[in-house]
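Below are the structure tokens for one structure; questions will follow.
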Amino acid sequence: MKHLHGRTALVTGASGGLGRVVARALAREGVAVAVSGRREDRLAELVVELRALGVRAEAVPGDLNRLDLLDALIERAEAAVGPLDVLVNNAGVENVSAFTRLDPAELTAMVDVNLTAPLLLTRRALPGMLDRGRGHVVFVSSLAAKIGPAYCAPYAATKAGLIGLTQSLRAEYAGAPVGFSVVCPGFIAGDGMYQRMTERGIRAGRMAGETSTDKVAATVIRAIRRDLPEVVESGAPIRPLLALAQIAPGLAERVAARFGATAMFRRLSEDRGRVEPDG
Ligand SMILES: NC(=O)c1ccc[n+]([C@@H]2O[C@H](COP(=O)([O-])OP(=O)(O)OC[C@H]3O[C@@H](n4cnc5c(N)ncnc54)[C@H](OP(=O)(O)O)[C@@H]3O)[C@@H](O)[C@H]2O)c1
């Protein structure tokens, strides 16, 4: 979708670190934005900020674990800002833990927010986009989808699901006026879930690198404009390793082990009391 001015968007996870910045970036392009999340105070502050940028902005609070209410979330967003041109499935949860220390309810809650909610929201928004002859859906995945780190199993699994989802939708709707993109950020400094880890004194090694909320938000805008299938936005030159993973996964696994992610996520799991006593 080359021209964004005057379009409408729903951004999920807009009360969080990256979502707020994506909503601001869309508003700066002249897009009317419906912002969603559970924390209504944060959404209300953001709405004031977005309106000051000269666009229509409305909060549509909601809990993505309530899968039965997701059709209604799209309907509320459309009632608030108009039929949706853009859907940014940004909301996500991470629960860093030894795999066997996650109880079944935690596992399914993560699958619901990270994967089932994007499926359901997209399913509800897509027919209208196709009827109107324009639209774009962005899925915010993660580098963890490409190189699954230790202590992040359900996160990596759900984020990898978003890549398969994007590929399949692009194949099915090739030639249709609606596009789909998946954005895979590395560690994002400044705000959001990784920033909160750094505030606990846990930081990625230099080889893993850090990107910023502004760079990832700019990537989201670029993906919409150019209908990019998949974009990795990382603070490290990671593409050679990702290419290696396609042709020699065993070798790539040994290289990735040198990035220090296992030690970092193990420390976080320990901090959270989420490792096996003898693990
Ligand atoms: N930060 C990073 O380093 C990084 C790296 C790669 C990928 N990502 C991805 O980028 C996206 C944004 O991450 P972030 O760092 O901005 O995380 P964040 O600060 O933790 O924000 C997460 C957002 O998701 C929303 N959310 C979580 N559970 C929800 C639920 N049940 N219902 C509705 N909304 C819910 C939160 O809103 P409420 O709490 O208000 O509900 C919040 O707005 C995520 O998909 C994440 O996986 C982040």
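The values are calculated or read from the model by the stated rules, or taken from the named source; none is laboratory data. All figures in this text were calculated on a predicted structure; none of them were measured in a lab. Every residue, glycine as well, gets a Cβ built from its backbone with ideal geometry; the counts of neighbours run over all protein chains shown. All accessible areas refer to the heavy atoms of the entire protein, side chains included, with ligands and DNA or RNA removed. Shrake-Rupley method; radii C 1.70, N 1.55, O 1.52, S 1.80 Å.
Can you tell me which residue in the stretch 38-62 is nearest to the ligand (Cβ to nearest atom), limited to those that are of a type in the set (G, A, S) and open to solvent by 10 Å² or more (accessible area, probe 1.4 Å)?
Going through the stretch 38-62, the residues of a type in the set (G, A, S) turn out to be 44, 52, 54, 57, 59, 62.
Next, only the ones that are open to solvent by 10 Å² or more (accessible area, probe 1.4 Å) stay: 44, 52, 54, 59, 62.
Numbers: A44: 12, A52: 20, G54: 24, A59: 11, G62: 6 Å.
Applying the filter and picking the extreme gives G62.
May I pose another question? In the stretch 76-98, how many residues are within 18 Å of T158 (Cα to Cα) and under 22 Å from the mean Cα position of the chain (by Cα)?
Going through the stretch 76-98, the residues within 18 Å of T158 (Cα to Cα) turn out to be 88-98.
Keeping just the survivors that are under 22 Å from the mean Cα position of the chain (by Cα) gives 88-97.
The qualifying residues number 10.
Moving to a separate point now. Specify which of the listed residues (A236, A174, A252) is surrounded by fewer than 21 Cβ atoms within 10 Å (Cβ to Cβ) and modelled with pLDDT of 95 or more. It would help to see each step written out before you state the result.
Working: A236 fails: modelled with pLDDT of 95 or more; A252 fails: modelled with pLDDT of 95 or more.
One residue alone meets the criteria, A174.
If you take the residues in the stretch 5-23 that are on the phi < 0 side of the Ramachandran plot and away from the ligand (no atom under 13 Å from the Cβ), which one is most open to solvent (accessible area, probe 1.4 Å)? Please lay out each step first, then the result.
Initial filter on the stretch 5-23 (on the phi < 0 side of the Ramachandran plot): 5, 7-12, 14-23.
Restricting the remaining residues to those that are away from the ligand (no atom under 13 Å from the Cβ) gives 5, 7-9.
Values: H5: 148, R7: 56, T8: 14, A9: 0 Å².
Per the stated criteria, the residue is H5.
Out of curiosity, is G201 open to solvent by 20 Å² or more (accessible area, probe 1.4 Å), at pLDDT below 95 and touching a helix residue (DSSP H, G or I) at 6+ places or on another chain (Cβ under 7 Å)? Write out each step before concluding.
Details: open to solvent by 20 Å² or more (accessible area, probe 1.4 Å): yes; at pLDDT below 95: yes; touching a helix residue (DSSP H, G or I) at 6+ places or on another chain (Cβ under 7 Å): no.
Criteria not met by G201.
I'm trying to understand the selection: among the residues of the stretch 112-145, which are more than 12 Å from the ligand (Cβ to nearest atom), part of a helix (DSSP H, G or I) and of a type in the set (A, V, I, L, M)? Show your work before the answer.
Of all residues in the stretch 112-145, those more than 12 Å from the ligand (Cβ to nearest atom) come to 119-120, 122-137.
Those left that are additionally part of a helix (DSSP H, G or I): 119-120, 122-132.
Scanning the stretch 112-145 gives L119, L120, A125, L126, M129, L130.
Here is a follow-up. Looking for whichever is more than 17 Å from R272 (Cβ to Cβ) and either outside any loop (DSSP other than H, G, I, E, B) or within 14 Å of the ligand (Cβ to nearest atom) (or both) here; the options are A156, A109. Which one fits? Give the steps one after another, and end with the answer.
Working: A109 fails: more than 17 Å from R272 (Cβ to Cβ).
A156 is the lone residue from the list that is more than 17 Å from R272 (Cβ to Cβ) and either outside any loop (DSSP other than H, G, I, E, B) or within 14 Å of the ligand (Cβ to nearest atom) (or both).
Where residues in the stretch 17-66 are basic (K, R) and assigned to a loop (DSSP other than H, G, I, E, B), which of them is farthest from N90 (Cα to Cα)? Give the steps one after another, and end with the answer.
Going residue by residue through the stretch 17-66, those that are basic (K, R) are 20, 24, 28, 38-39, 42, 51, 56, 66.
Pick out the ones that are also assigned to a loop (DSSP other than H, G, I, E, B) and you get 38-39, 56, 66.
Details: R38: 13, R39: 15, R56: 20, R66: 16 Å.
Among those that are basic (K, R) and assigned to a loop (DSSP other than H, G, I, E, B), it is R56.
Let me ask something additional. Can you give me the number of residues within the stretch 257-272 that are open to solvent by less than 40 Å² (accessible area, probe 1.4 Å) and either on the phi > 0 side of the Ramachandran plot or touching a Phe, Trp or Tyr at 6+ places or on another chain (Cβ under 8 Å) (or both)? Break it down into steps so the answer makes sense when it comes.
Taking the stretch 257-272 first, the residues open to solvent by less than 40 Å² (accessible area, probe 1.4 Å) are 259-261, 264-265, 268-269.
Checking which are either on the phi > 0 side of the Ramachandran plot or touching a Phe, Trp or Tyr at 6+ places or on another chain (Cβ under 8 Å) (or both) leaves us with 260, 265, 268-269.
Residues in the stretch 257-272 being open to solvent by less than 40 Å² (accessible area, probe 1.4 Å) and either on the phi > 0 side of the Ramachandran plot or touching a Phe, Trp or Tyr at 6+ places or on another chain (Cβ under 8 Å) (or both): 4 in total.
Being closer than 27 Å to V86 by Cα, of a type in the set (A, V, I, L, M, F, W, C) and either in contact with a strand residue (DSSP E or B) (Cβ under 8 Å, 6 or more places away or on another chain) or more than 14 Å from the ligand (Cβ to nearest atom) (or both) is the filter here, so list the residues in the stretch 193-242 that pass it.
Passing the criteria: V216, A218, V220, I221, A223, I224, L228, V231, V232.
Could you figure out which of (1) within 17 Å of F180 (Cα to Cα); (2) open to solvent by 10 Å² or more (accessible area, probe 1.4 Å) isn't true of L67?
The one condition L67 does not meet is (1).
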